[in-house]
Amino acid sequence: MSVFYLESSALFKRYRTEKGTDLVNSVFAGRTGSDVLVTSQLVIMEMESAAARGLKGRVLGRQAYGAMLRAFAEDLGDMLVLPLTGVAVVEAGHVARQWALRALDALHLASAVGVRRATQVQFVVVSADREILQASKLAGFDVLDPEDQDALAVLERLRA
C-alpha cells in the first residue's frame, strides 16, 4: 500500500499545465486499489484562494476558473481529506519551530505527522516546495518532488 500526502504546491499542478503536471497526473491515474491519496482540509482554502486570485488577476477566465474548481471538487472525492484540528494546529507550532516552516506549510506537514503517528502508516509527501521536502525528509517521510527530472522513476519505485 502506498499513501501519498499531496501538499498544495504539488496538487495545484493537477489543474494547471506546468512542470510536474505529468507526475501529479500519474499519481492519480496510476493508483492501485491499495493506494491512498491524502491531503489536508487546508488545501480547499488554498485552492479557492488561488483560483479566485487567478480570476481577479485575469490569469484565468470564467470558464477556466469554473473548470478548475469542478475538477478539484471531483478529485477531493478520491482523496482522504484530513480535518484541521486543534491537535494539528499545536503540532504545526512544533513543526514550524523545529524546521522554520511557514505557517501553512507547517500545518500540511503536521497533518501528515499526526496521521502517521496515529496509524503507523508511512506516507510519501508529494510537494514542489523545497522547504517542505527538506523538512519532510528530516521528519522521516519519503518524498516525491513532481518537478524532479527522475520523479516518474521514483514514483514507480515507491509503488513497487
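Near the amide H of Ser40, within less than 5 Å, lie the amide hydrogens of Leu82, all on another chain or at least 5 residues away, with H placed in the peptide plane.
Would you mind ranking Thr21, Thr39 by Cβ crowding within 10 Å, fewest neighbours first?
Values: Thr21 17, Thr39 26.
Going from least to most buried by this count: Thr21, Thr39.
Rounded if a/c is under 1.5, else prolate if a/b is larger than b/c, else oblate: which is the stretch 10-58, with a ≥ b ≥ c the root eigenvalues of its Cα gyration tensor? Intermediate values should be presented prior to the final figure.
Details: a/c = 3.92, a/b = 1.65, b/c = 2.38.
Here the stretch 10-58 falls in the oblate category.
Remind me, relative contact order of the chain in percent, using alpha carbon pairs under 8 angstrom and six or more residues apart? Let's see the in-between values first.
Working: 205 pairs, mean separation 48.0, N = 160.
Once divided by the residue count of the chain, the mean separation gives 30 percent.
Within the shell defined by Cβ-Cβ distances under 15 Å, the residues around Gly33 carry a net charge of 0, with Lys and Arg each +1 and Asp and Glu each -1. Once the dipole of the chain is set up with Lys and Arg at +1 and Asp and Glu at -1 on Cβ about the Cα centre, which of Leu107, Gln122, Gln134 lies farthest towards its positive end? Value computed over the given set: Leu107. If you compute P(r) over Cα pairs in 10 Å bins from 0, in percent for the structure shown, which of (1) 10, 34, 22, 18, 13, 2, 0; (2) 10, 35, 33, 20, 2; (3) 11, 41, 36, 12, 1 do you land on? Checked against the structure: label (3).
With the cut-off at 1.5 for a/c, could you classify the stretch 1-95 from its C-alpha gyration tensor as rounded, prolate or oblate? Oblate, since a/c reaches 1.5 and b/c is not below a/b. Could you tell me the center-to-center distance, by alpha carbons, between the stretch 21-68 and the stretch 81-101 in angstrom? If we compute the Cα centre of each part, the gap is 22 Å.
Counting other C-beta atoms within 10 Å, which of Val121, Val95 has the fewest, and how do the rest follow?
In order of increasing Cβ crowding within 10 Å: Val121, Val95.
Let me spell out the model: positive unit charges on the Cβ of Lys and Arg, negative unit charges on the Cβ of Asp and Glu, origin at the Cα centre of the chain. What dipole size does that give, in debye rounded to 20? Don't skip to the end; give the middle numbers.
Details: 18 positive and 19 negative charges, 78 e Å.
Taking the Cα centre of the chain as origin, the dipole is about 380 debye.
The packing ranking, built from the mean of other Cβ atoms within 10 Å per residue, places the peptides 74-84, 46-56, 105-115, 129-139 in the order 105-115, 129-139, 46-56, 74-84, highest first.
Each reported figure results from applying straightforward, stated rules to the coordinates on display, with no laboratory input. If you're wondering where the values come from, they're calculated on a predicted model, not measured in any experiment. Virtual Cβ from ideal backbone geometry, glycine too; neighbours counted across all protein chains shown.
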